[in-house]
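Engineer: Below is the structure I would like to discuss, written out as C-alpha cells.
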Amino acid sequence: MNLPNKLTLLRIVLVPVCLLLAGYDQYPIAAAVFILAAVTDTLDGYLARKSHLITNFGKFADPIADKILVLSMMIVLCHERLLPVWLPVILVFRELMVDGLRMVAAEQGRVIAAGWSGKVKTVCQMVLIVYALVFGCDTLNLIFSILVAALTLYSGLEYFWKLRDLFKKDFGK
C-alpha cells in the first residue's frame with residue numbers, strides 16, 4: 001500500500017477520534033485532530049498526483065473518507081448545537097444526488113472527475129467545522145453555514161449542468 005492510500009486510511013481512523021473528542025466537549029483537541037485529518041486529504045492527493053501513485057483504491061476511498069469525516073463531524077456538531085441541523089441535510093442531499101449522477105454517467109462509460117467548486121466546497125466545509133469547534137455557535141458561524149450550504153448546492157448543480165446531456169433523451173431535447 002502506497003503512502004497516499006495510507007494517509008487516506010489515517011483520515012478514516014481519525015474520524016472516531018474527532019467524534020469522541022467533540023462528543024466529550026474537548027473541542028480544541030478535536031479541532032487539532034480534525035485539522036490533521038483535513039491535511040491528510042490535501043497531502044494524499046498531492047502525493048498521488050506528483051508521484052504517479054494514483055490507484056483505484058485511492059479514487060474510491062479518498063472521496064468517501066472526506067464525506068465520512070465532514071458529515072459525521074457536522075452531525076456531532078449539530079447535536080452539540082454548534083452547527084444548524086439543516087446543514088448536514090443539505091450536504092447529504094447533494095452527495096446522494098451527485099453520486100447518483102456519477103452512477104448514471106459510469107453506465108455510459110463516462111468518469112466524472114471532481115471539479116474545482118467541489119474542492120472549494122470541501123475546504124469551506126472543513127474550515128466551518130474548525131471554526132465551530134474553536135469559536136462555537138455565533139452570528140459569523142451562521143453566516144458561514146449559509147455560505148457553505150450555498151456553495152454545496154452550487155457545486156452539485158454544476159455537476160448536473162455539465163452533464164445535462166445525460167438526460168436529453170429522457171426529456172425530449
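The values are calculated or read from the model by the stated rules, or taken from the named source; none is laboratory data. Not measured: the values here are computed from a predicted model. Heads up, the Cβs are rebuilt from the backbone with ideal geometry, glycines too, and the neighbour counts pull from every protein chain shown.
Engineer: What residue, of Pro84, Pro63, is surrounded by 17 or more Cβ atoms within 10 Å (Cβ to Cβ) and part of a loop (DSSP other than H, G, I, E, B)?
Structural biologist: None of the other options fit; the residue is Pro84.
Engineer: Take the conditions crowded, with 20+ Cβ neighbours inside 10 Å and part of a helix (DSSP H, G or I) and apply them to Ala32. Does it pass?
Structural biologist: No.
Engineer: Looking at the stretch 19-29, which of its residues are surrounded by 20 or more Cβ atoms within 10 Å (Cβ to Cβ) and either at positive phi or at pLDDT below 95 (or both)?
Structural biologist: Residues satisfying the conditions do not exist here.
Engineer: Further question: Identify the residue in the stretch 128-168 that is without any contact (Cβ under 8 Å) to a residue 40 or more places away in the chain and either touching a helix residue (DSSP H, G or I) at 6+ places or on another chain (Cβ under 8 Å) or hydroxyl-bearing (Ser, Thr, Tyr) (or both) and, among all such residues, is farthest from Val70 (Cα to Cα).
Structural biologist: So, considering only residues that are without any contact (Cβ under 8 Å) to a residue 40 or more places away in the chain and either touching a helix residue (DSSP H, G or I) at 6+ places or on another chain (Cβ under 8 Å) or hydroxyl-bearing (Ser, Thr, Tyr) (or both), the one farthest from Val70 (Cα to Cα) is Thr139.
Engineer: Shifting gears a bit: Kindly indicate the residue of the stretch 51-78 that is at pLDDT 90 or above and of a type in the set (Val, Ile, Thr) and also nearest to Leu20 (Cα to Cα) among those meeting that condition.
Structural biologist: Val76
Engineer: Here is a follow-up. Could you identify the single residue in Phe93, Phe144 that is in a helix (DSSP H, G or I), of a type in the set (Phe, Trp, Tyr) and farther than 30 Å from Lys168 by Cβ?
Structural biologist: It is Phe144.
Engineer: A further question follows. In the stretch 99-118, what count of residues is obtained for those that are surrounded by 12 or more Cβ atoms within 10 Å (Cβ to Cβ), part of a helix (DSSP H, G or I) and over 19 Å from the mean Cα position of the chain (by Cα)?
Structural biologist: Going through the stretch 99-118 one residue at a time, the tally reaches 2.
Engineer: To continue, here is another question. Given (1) modelled with pLDDT under 95; (2) in contact with a Cys (Cβ under 8 Å, 6 or more places away or on another chain), identify the lone condition not met by Phe34.
Structural biologist: It fails just one condition, (1).
Engineer: Restricting attention to the stretch 145-161, which residues are more than 13 Å from the chain's Cα centre (by Cα), closer than 19 Å to Ala113 by Cβ and surrounded by 13 or more Cβ atoms within 10 Å (Cβ to Cβ)?
Structural biologist: Within the stretch 145-161, Tyr154, Leu157, Glu158, Tyr159, Phe160 qualify.
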